[in-house]
1. So what is the diffusion coefficient of the stretch 55-110 in µm² per second by Stokes-Einstein at 4 °C and 1.567 mPa s, using a Kirkwood Rh over Cα pairs?
2. Per residue, how much accessible surface does the stretch 69-110 expose to a 1.4 Å probe? Answer in Å², no decimals.
3. As an exercise, identify the chymotrypsin sites (Phe, Trp or Tyr not before Pro) in the stretch 56-110 lying in DSSP coil whose Cβ has no more than 16 other Cβ atoms within 10 Å.
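The values are calculated or read from the model by the stated rules, or taken from the named source; none is laboratory data. Everything numeric in this text was worked out from a predicted model, so none of it was measured. Glycine gets a Cβ as well: all are built from the backbone with ideal geometry, and neighbour counts include every protein chain shown. Side chains included, ligands, DNA and RNA excluded: accessible areas come from the protein's heavy atoms. Shrake-Rupley method; radii C 1.70, N 1.55, O 1.52, S 1.80 Å.
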Amino acid sequence: ADHYAPASLVASPAGPAADATAPVWAQGVALRLFGLVTGRPDLDQRVGLPDALDFYGLWKLFDALTDAAFYYRNREFALGNTPEQRFMGNWSDGVPVRELEVWTSLPVEG
């Protein structure tokens with residue numbers, strides 16, 4: 001993963017906000033234009049469709065942390081080194097993906 005890992009194109013939006021989301025081709029055009037303006041012409045090639053890292057490693061944790069901070073809910077997904085926090089989904093054959101490694105303190109060297 002790199003700095004662009006949390007940036008993903010939305011493949012098929014669902015729900016009430018679906019009409020407000022730009023289609024994938026428009027998102028690609030916007031990324032290309034942004035890349036040209038910022039001097040990063042390869043930006044559109046570095047951003048892909050959402051994957052397990054997006055859903056389980058970034059968005060789940062961010063959403064859970066904001067829920068825990070502002071609404072005092074979903075704390076089991078955000079805090080405490082719980083199974084819900086560590087879960088990263090399953091592979092297509094049903095085998096669980098390696099869990100997140102949660103550190104509750106920095107390792108002591110020496």
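1. For the chosen part, D equals 105 µm²/s.
2. I get 90 Å² per residue for this part.
3. Taking the stretch 56-110 and a limit of 16 other Cβ atoms within 10 Å, the loop chymotrypsin sites (Phe, Trp or Tyr not before Pro) found are Y72, F87, W91, W103.
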